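Right, one structure below, let's go through it.
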């Protein structure tokens with residue numbers, strides 16, 4: 001008898017529970033985190049002022065003093081680049097003389113692969129590895145004719161002022177034993193450059 005009453009109570013209770021209609025399966029609410037898009041300034045352009053040593057390969061390198069067989073130049077460097085990654089960019093440069101000492105004036109172009117390493121949030125060191133051309137012509141009665149292309153390399157440091165503006169300084173070896181006429185003699189010439197300037201990230 002007790003079993004019968006218990007069974008009837010269970011049936012009545014389940015009937016009351018089902019009286020409200022069909023049961024609806026409620027899916028758990030999953031919050032999807034909002035990912036903010038980070039804008040990247042991939043294209044950049046820059047302008048630099050360069051101290052250049054153009055010399056007979058046998059002459060000594062001296063950016064600050066007069067050396068026999070060396071001409072010191074003041075150049076403008078124009079730079080455009082594209083940053084593929086915070087550790088790598090590709091860069092093109094054009095340089096032209098705006099001042100010279102006494103023998104030659106120079107124009108040149110370069111294409112560089114630019115590996116980079118951020119030392120701090122603002123400071124980055126980088127390398128320059130690529131290919132370029134150097135052209136030199138004589139001035140003030142000196143005879144010079146150099147127009148050669150070859151491997152170029154460099155090292156540099158940049159400092160981020162803000163999201164768009166960087167200051168930089170770098171050294172580049174633009175010519176190694178390029179053949180030509182320098183100061184009236186057929187010889188080989190080398191060219192080194194130290195540049196300081198500013199980059200703007202678009």
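The values are calculated or read from the model by the stated rules, or taken from the named source; none is laboratory data. None of the values given here were measured: they were computed from a predicted structure. When we count neighbours, we look across all protein chains shown, and the Cβ atoms used for this are built from the backbone with ideal geometry, even at glycine.
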Tell me, which residue of region 59-93 that is touching a residue at least 40 places away in the same chain (Cβ under 8 Å) and not in a strand (DSSP E or B) is surrounded by the fewest Cβ atoms within 10 Å (Cβ to Cβ)? 61
Region 97-125 - residue that is assigned to a strand (DSSP E or B), more than 15 Å from residue 175 (Cβ to Cβ) and more than 12 Å from the chain's Cα centre (by Cα) and, of those, modelled with the lowest pLDDT: 100
Does residue 177 count as modelled with pLDDT of 95 or more and either assigned to a strand (DSSP E or B) or surrounded by 13 or more Cβ atoms within 10 Å (Cβ to Cβ) (or both)? no
Could you grab me the full set of residues in region 180-202 that are within 17 Å of residue 58 (Cα to Cα) and in a strand (DSSP E or B)? 180, 181, 182, 185, 186, 187, 188, 189, 190, 191, 192
Scanning region 126-171 for residues that are within 16 Å of the chain's Cα centre (by Cα), touching a residue at least 40 places away in the same chain (Cβ under 8 Å) and outside any strand (DSSP E or B) gives 163, 164
